[in-house]
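Here is the structure we will look at, set down as structure tokens.
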Amino acid sequence: MISNPLIFAAMSDFAGRTRGKAFPVSDLDKRLKRGIGWTPTNVMITCFDAIAPSPFGSLGDLLLIPDPEARVEIDFEDSGPVERFMLGDITDLDGRAWDCCTRSILKAALERLRLSGGIHLVSAFEHEFQMRNSSNSFADGYSLRGFTRQRQFGEALMSALACAGLTPDTFMKEFGPNQYEVTNGPAQGHRSADQALILRELTRMTAQRCGEQVTFAPILDPTSVGNGVHIHMSFLDEHSTPVTYDENGPSGMSKVTASFIAGVLKYLDSIVALTAPSDISYLRLTPNRWSAAYNNLGFRDREASVRICPVTSVDPEKIARQYNFEYRAADATASPHLALAAIIYAGAQGIEDELPAPGVTQEDLSVLSEDDLSARGYKRLPQSLEEALQRFEQNDVVTRWFPASFASIYTTHKRAEIAYLGDLDAKARCAAYAEVY
């Protein structure tokens, strides 16, 4: 069949969806300079492809400028078409970053972190997902049998990730029904968020090539486990020296790390609207699910919202390079760029305010009363998307991190998502998100 190869210019939107336009590969050099046309109201398209009330209406023009360093080309060698896409930034016609470009928002947050602490972020996203068209109900958590059932898929996915320039790490059968986890190595700056988006899309593409369907939805069954995104973070100074760890610091935290984490915890209940932004995200963020329910720091504790992770060395230099912490109150309904930006802004605020090191919890916070939690500086995270949106928009410190119009546009978008679901019960809402993600 005749073919004029196309490449898809992509961006990550407020719904965590990957949207854009395709153009002939032969036009790439031109498009790298001129971009492709984009429309402001596109930002109001919810995950269900309904358009929220838009402040832009039918007016305005933007450009989506592809980034040659975020280009993916994968030949699955299965006689199917070669997959080609590129990530990019949205600008106005004069080349200025658009206020609602998630990738540009992340870049601005990273610059604030550099100015606040003289540090650069290294991070990696750890993803859980579930196979949708499998009727297997075996108790296969972490089992060889569960892995073997999807070996072909897993090996094809690892190959695709490597071809895309990522560093494949692990693939495993997770605890939940038909649930798997895939991880990749860290990257600096905004590239880790780029890689998270690439990983999600390649996982979907690989599954399709293998006759499977996957979903990254936060939870498929209100009575079962959820699918999280855990964001691992560490820091380098201007000389690329690790500065996350201090053997004399509390739980190994350096001063800058401690203040960063303290900022994340202080503002966590207000940023979770950006890191866990679906209606069903809050079915997952409940106590005793190994997810996150309170604004607490844990030392190797998978029930904490922020966790200091283990290291596998006793050599001080190697410990310093391995030492990292992870943010656990996130899922794949969030744009990876927007989620990471929110976390960075909160951490940078903590550094600027010189917040002291947070305490480390080693107990079940769910047994404490609200008064006891408050007395110790802990908050229960929002228990619905609407509550999360209210805490976000009512926190003047948090909303000021973003462009002036951002909070209003974002909350309007998300409330339209809630309205679309209407009176559906929890199980039906889970099914709706499973179709989308």
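A short reminder: the numbers here are calculations on the coordinates, not readings from a lab. All values derive from a computational prediction rather than experimental measurement. Backbone-built Cβ (ideal geometry, glycine too); neighbour counts: all protein chains shown.
Some points to look at:
- Dividing the summed -39500 (n - 2.57) terms of all DSSP H runs of n ≥ 4 by the residue count of the chain sets its mean residue ellipticity at 222 nm at -11000 deg cm²/dmol.
- Filtered trypsin sites (Lys or Arg not before Pro), the stretch 1-103: DSSP coil and at most 10 other beta carbons within 10 Å: 96
- Taken about its Cα centre, the stretch 105-436 carries a charge dipole of roughly 660 debye when the Cβ of each Lys and Arg holds +1 and the Cβ of each Asp and Glu holds -1.
- Dipole orientation for the chain: of the candidates 223, 3, 42, 3 has the Cα lying most toward the positive pole (charges on Cβ; Lys, Arg +1; Asp, Glu -1).
- Low-density loop positions, GluC sites (Glu not before Pro), the stretch 30-123 - DSSP coil, at most 11 other Cβ in 10 Å: 77
- Förster radius 60 Å - calculated FRET efficiency between residue 354 and residue 21, Cβ distance, rounded to 0.05: 0.85
- Rounded to the nearest 20 debye, dipole of the stretch 6-98 from Cβ charges on Lys, Arg, Asp, Glu: 340
- Listed residue (340, 52, 320) projecting farthest to the positive dipole end of the chain, Cβ model: 52
- The stretch 350-437: GluC sites (Glu not before Pro) in DSSP coil with no more than 15 other Cβ atoms inside 10 Å: 354, 363
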